[in-house]
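Student: Okay, here's the structure, questions in a sec.
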Amino acid sequence: MNDKTASGSGPANPSAEALRIGVYICRCGGNISDVVDVERVAEVCRHLPGVVTANVHTFMCSDPGQKNISEDIRNEKLNRVVVASCSPFLHELTFRGAVQRGGLNPYLYEHANIREQCSWSHKHDPQGATAKAIRLIAAAVGKLRYAEPLDQIRLPNQRQALVVGGGVAGMKAAADLAGRGIPVLLVEQSERLGGQVNRWNRVFPTEQPAAELLGALRKQVEGHPRIEILLRSRVTKISGFIGNFQVTVEGQIGPAGRRTEVAVTVGALVMATGFLPYAPRDGEYAYHRHPAVLTTPEFLELLRHAPDAATLQFQGRPVRSIAFIHCVGSRQVDGVQEPQADGKINNYCSRVCCTTVLQQALAVRQRFPETEVFDLHQDIRTYGRGHEDYYIQASQAGVIFFRYHGDEIPTVAPRTDAPAGAPPLRLTFKDYLTWGEELTLDVDMLVLAVGMTAGTCQSLVEQLKLPCGEDRFLQEIHPKLRPVEISVNGVLLAGAVQGPMNIRETLAAAGAAAVKAAAILAKEQVELNPYVAQVDADLCEGTGQCVEQCEYDGALRLVQVTNGDGKARQRAEVNPGLCVGCGACVAVCPARAINLNGWRLDQYEAMVDGLVAEAPALAAATA
Ligand SMILES: Cc1cc2nc3c(=O)[nH]c(=O)nc-3n(C[C@H](O)[C@H](O)[C@H](O)COP(=O)(O)OP(=O)(O)OC[C@H]3O[C@@H](n4cnc5c(N)ncnc54)[C@H](O)[C@@H]3O)c2cc1C
């Protein structure tokens with residue numbers, strides 16, 4: 001495996017005189033240059049050792065900006081490049097491309113972030129921001145002195161995808177992947193495809209019957225020659241890395257439920273394990289204390305089977321009045337709601353509940369005209385196209401709205417002394433549509449609009465070390481730039497596993513995940529960044545401390561080797577597919593026998609020297 005790592009056990013650098021470094025400083029259309037004196041930065045940089053040119057450009061990332069770099073590499077014979085601009089998250093790859101187009105190895109490039117780290121964070125201190133920008137560039141220049149050309153790691157790729165979860169997200173991802181010619185294994189833990197949507201009647205905003213929508217999706221996956229579906233199945237073991245995940249699926253086959261085990265190797269994995277509706281605690285808004293307190297999924301079930309009539313019926317009694325409470329299990333406030341089992345509160349918005357309430361409230365008024373409906377909300381967030389219509393129609397249909405504050409939530413009490421036939425539940429709350437007046441409302445039924453909480457993929461999260469956000473949902477790398485990728489290479493996110501989403505958003509995310517997975521699987525080999533650990537075989541004493549320290553199963557191991565004198569000894573070996581380049585092994589090696597390609601210790605030292613240098617040029621710049 002180690003043979004596939006990037007080249008370079010040690011630097012084969014040009015001498016200081018042979019270094020020809022170009023520094024490119026971006027104005028970022030004023031974002032940087034309104035605070036940082038970029039001309040002065042360029043002037044100082046021209047005096048840094050090895051720098052032969054330092055230029056300022058209004059937008060380095062523009063085509064002319066990039067061309068400037070590529071042409072200078074050729075004309076000025078540059079052999080190292082620094083770009084000082086915005087965050088490397090945004091444009092590191094852009095500039096690596098420009099460097100490569102100039103004919104230079106793309107890893108002989110460093111990025112200095114002088115926007116987020118200088119002009120934006122020190123906007124009231126232009127002199128300080130300018131001095132800091134110079135130091136960050138000096139550090140990058142220092143690091144580049146010890147840089148060596150690196151190659152991407154290339155590993156064999158298994159052209160098959162695993163989709164975990166057979167809700168709308170999983171079905172859409174599987175169908176799109178198969179449509180691109182990729183074999184898919186779709187694993188669903190329950191006995192049928194469709195996920196939570198199986199429980200809904202008509203779905204907003206189209207009012208299409210949920211069964212019809214699911215039928216259309218099922219048709220795309222069931223019987224597809226490239227999709228194998230395993231129901232009542234779960235992934236029990238998973239290991240490996242992008243291009244080569246080894247997966248064990250346990251499932252039940254046949255009505256007798258015979259358990260079976262399937263082992264597969266896949267190149268990419270789509271997580272589509274969805275969400276769980278919030279489960280109110282016993283007693284929360286009198287839930288489980290009175291049978292007429294239901295959650296929205298329970299109420300949908302009731303509506304599904306209720307015959308149309310003047311009033312809705314429940315347990316043999318007419319329901320003449322219903323109240324809905326929004327934000328149950330969402331937008332919780334510290335000190336008001338009890339924390340969840342892990343000590344955290346659900347302070348996020350679940351996004352679908354407001355529209356769900358208005359859709360149900362309207363359905364009640366239309367189907368049971370004599371049933372009164374009350375809506376108790378903090379805010380109404382019907383953010384999707386066409387969703388606001390539900391609010392307008394519900395208002396016109398006679399739904400009565402009240403507004404409470406999140407830190408003064410309504411209280412609910414069963415009315416033990418209510419006369420026979422009287423509403424059994426009493427709500428007390430302050431209404432801020434009527435200037436904070438305290439009101440009581442007696443109703444026959446209360447519906448709690450429960451939010452969406454993170455689903456059931458804990459075992460996969462632990463085995464693959466998938467990062468979760470504060471809200472417990474899986475966390476993408478970047479919400480805008482890499483919205484369906486997670487920090488584990490080869491794993492994509494589809495749908496509500498990532499956070500509250502409606503069906504439209506879920507399908508869009510699942511389609512994007514399928515495209516990303518297909519792009520990975522389109523190649524015969526997967527290409528990875530070369531920033532992985534590298535063991536110096538001569539220095540390694542085989543203490544195994546690095547292996548003990550490594551958190552990534554299989555990334556490091558001890559192997560037996562034979563010395564030139566015929567004696568056997570141990571040494572560490574890196575699996576570049578599993579190494580994430582965290583550097584934990586580097587820190588504990590007593591022999592300093594491990595380094596990270598592209599981030600070696602000598603490069604760190606050079607960066608520190610650059611940061612703290614008392615060079616006259618730097619001092620002059622801060623004067
Ligand atoms: C009350 C309510 C009403 C809603 N109504 C609407 C509506 O009208 N319109 C709308 O657009 N949106 C609506 N939504 C949102 C909608 O339900 C979601 O957008 C949708 O369900 C997300 O689909 P998904 O496939 O990501 O997740 P899910 O529907 O949760 O499906 C996930 C699937 O993965 C399976 N799974 C989980 N863990 C594993 C595992 N470890 N191994 C194998 N399989 C696993 C589950 O069994 C499930 O089948 C509503 C939400 C709520 C709470």
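Student: Under 8 Å between Cβ atoms, at least 6 apart or on separate chains: pull out the pairs that start in segment 53-80 with a residue that is part of a helix (DSSP H, G or I) and end on any residue that is among the hydroxyl-bearing types (Ser, Thr, Tyr).
Tutor: Partner pairs satisfying both residue conditions: Gly65/Tyr24; Gly65/Thr58; Gln66/Thr94; Asn68/Tyr24; Ile69/Tyr24; Asp72/Thr53.
Student: Looking at (1) touching a His at 6+ places or on another chain (Cβ under 8 Å); (2) of a type outside the set (S, T, N, Q); (3) under 20 Å from Val357 (Cβ atoms), which one does Ala175 not meet, given that it meets all the others?
Tutor: (3)
Student: Failed condition for Ala272, given (1) among the aliphatic types (A, V, I, L, M); (2) more than 15 Å from the ligand (Cβ to nearest atom); (3) crowded, with 17+ Cβ neighbours inside 10 Å, with all others met?
Tutor: It fails just one condition, (2).
Student: Output yes when any residue across segment 544-552 is touching a Gly at 6+ places or on another chain (Cβ under 8 Å), at pLDDT 95 or above and part of a loop (DSSP other than H, G, I, E, B), and no when none is. Before the answer, list the steps.
Tutor: Looking only at segment 544-552, we keep the residues that are touching a Gly at 6+ places or on another chain (Cβ under 8 Å), and these are none.
No, segment 544-552 contains no residue that is touching a Gly at 6+ places or on another chain (Cβ under 8 Å), at pLDDT 95 or above and part of a loop (DSSP other than H, G, I, E, B).
Student: A further question on this structure: Go through the residues of segment 441-452 one by one and say whether even a single one is assigned to a strand (DSSP E or B) and acidic (Asp, Glu).
Tutor: Pass one, segment 441-452, residues assigned to a strand (DSSP E or B): 441-443, 445-450, 452.
Keeping just the survivors that are acidic (Asp, Glu) gives 442.
The answer is yes; a qualifying residue exists.
Student: Which one of Gly240, Gly251 is over 28 Å from Arg504 (Cβ atoms), surrounded by 18 or more Cβ atoms within 10 Å (Cβ to Cβ) and over 25 Å from the mean Cα position of the chain (by Cα)?
Tutor: Details: Gly240 fails: over 25 Å from the mean Cα position of the chain (by Cα).
The match here is Gly251.
Student: Let me ask something else about it. Of Gly166, Gly181, Gly170, which residue is without any contact (Cβ under 8 Å) to a residue 60 or more places away in the chain and outside the structural domain of His47 (by TED's automatic domain parsing)? Outline the logic, then answer.
Tutor: On the way: Gly166 fails: without any contact (Cβ under 8 Å) to a residue 60 or more places away in the chain; Gly170 fails: without any contact (Cβ under 8 Å) to a residue 60 or more places away in the chain.
Gly181 is the lone residue from the list that is without any contact (Cβ under 8 Å) to a residue 60 or more places away in the chain and outside the structural domain of His47 (by TED's automatic domain parsing).
Student: Taking segment 184-195 only, how many residues are in a strand (DSSP E or B), surrounded by fewer than 24 Cβ atoms within 10 Å (Cβ to Cβ) and either within 7 Å of the ligand (Cβ to nearest atom) or without any contact (Cβ under 8 Å) to a residue 12 or more places away in the chain (or both)? Even if it seems obvious, please write down each step before you answer.
Tutor: To start, the set of residues in segment 184-195 that are in a strand (DSSP E or B) comprises 184-187, 194.
Checking which are surrounded by fewer than 24 Cβ atoms within 10 Å (Cβ to Cβ) leaves us with 185, 194.
Subset that is either within 7 Å of the ligand (Cβ to nearest atom) or without any contact (Cβ under 8 Å) to a residue 12 or more places away in the chain (or both): 194.
Of the residues in that region, 1 qualify.
Student: Here's something else I'd like to know. If we scan segment 395-411, do we find a residue that is assigned to a helix (DSSP H, G or I) and assigned by TED's automatic domain parsing to the domain that holds Asp308? First the steps, then the outcome.
Tutor: Step one: list which residues in segment 395-411 are assigned to a helix (DSSP H, G or I), which gives 395-396.
Next cut, assigned by TED's automatic domain parsing to the domain that holds Asp308 only: 395-396.
The answer is yes, given that some residue of segment 395-411 is assigned to a helix (DSSP H, G or I) and assigned by TED's automatic domain parsing to the domain that holds Asp308.
Student: Right, next: What number of residues within segment 495-532 satisfy the criterion of being surrounded by fewer than 23 Cβ atoms within 10 Å (Cβ to Cβ), hydroxyl-bearing (Ser, Thr, Tyr) and within 18 Å of the chain's Cα centre (by Cα)?
Tutor: Total meeting the criteria: 0.
Student: Would you be able to say whether some residue in segment 289-298 is exposed (fewer than 15 other Cβ atoms within 10 Å of the Cβ), over 35 Å from the mean Cα position of the chain (by Cα) and more than 23 Å from Gln359 (Cα to Cα)?
Tutor: yes
Student: Now a separate question. Could you check segment 322-339 and list, in sequence order, the residues that are in a strand (DSSP E or B) and away from the ligand (no atom under 16 Å from the Cβ)? Walk me through how you get there before you give the answer.
Tutor: Our first condition is that a residue be in a strand (DSSP E or B); within segment 322-339, this holds for 322-328, 334, 337.
Matches in segment 322-339: Ala323, Asp334, Gln337.
Student: Conditions: (1) buried (at least 16 other Cβ atoms within 10 Å of the Cβ); (2) more than 13 Å from the ligand (Cβ to nearest atom); (3) at pLDDT below 95. Arg259 meets all but one. Number of the miss?
Tutor: It fails just one condition, (1).
Student: Which of the numbered conditions does Asn198 fail, given that it passes all the others? Conditions: (1) surrounded by fewer than 18 Cβ atoms within 10 Å (Cβ to Cβ); (2) more than 9 Å from the ligand (Cβ to nearest atom).
Tutor: For Asn198, the failing item is (2).
Student: So how many residues does segment 365-380 have that are in a loop (DSSP other than H, G, I, E, B) and either under 25 Å from Leu302 (Cα atoms) or over 34 Å from the mean Cα position of the chain (by Cα) (or both)? Walk me through how you get there before you give the answer.
Tutor: Pass one, segment 365-380, residues in a loop (DSSP other than H, G, I, E, B): 368-371, 378-380.
Narrowing further to those that are either under 25 Å from Leu302 (Cα atoms) or over 34 Å from the mean Cα position of the chain (by Cα) (or both): 368-371, 380.
The number of residues fulfilling the criteria is 5.
Student: Can you name every residue in segment 340-364 that is in a loop (DSSP other than H, G, I, E, B), among the hydrophobic types (A, V, I, L, M, F, W, C) and in contact (Cβ under 8 Å) with a residue 12 or more places away in the chain?
Tutor: Going through segment 340-364, the residues in a loop (DSSP other than H, G, I, E, B) turn out to be 340-352.
Add one more test, that the residue is among the hydrophobic types (A, V, I, L, M, F, W, C), and what stays is 341, 345, 349, 352.
Selection gives Ile345, Cys349, Val352.
Student: Report yes if some residue within segment 202-209 is part of a loop (DSSP other than H, G, I, E, B) and closer than 22 Å to Val264 by Cα; otherwise report no.
Tutor: Narrowing segment 202-209 to residues part of a loop (DSSP other than H, G, I, E, B): 204-207.
Within this subset, residues satisfying the condition of being closer than 22 Å to Val264 by Cα are none.
Checking segment 202-209: not a single residue is part of a loop (DSSP other than H, G, I, E, B) and closer than 22 Å to Val264 by Cα.
The values are calculated or read from the model by the stated rules, or taken from the named source; none is laboratory data. Note that the structure is a prediction, hence the values are computed from the model and not measured. We place every Cβ from the backbone using ideal geometry, glycine too, and count neighbours over all the protein chains shown.
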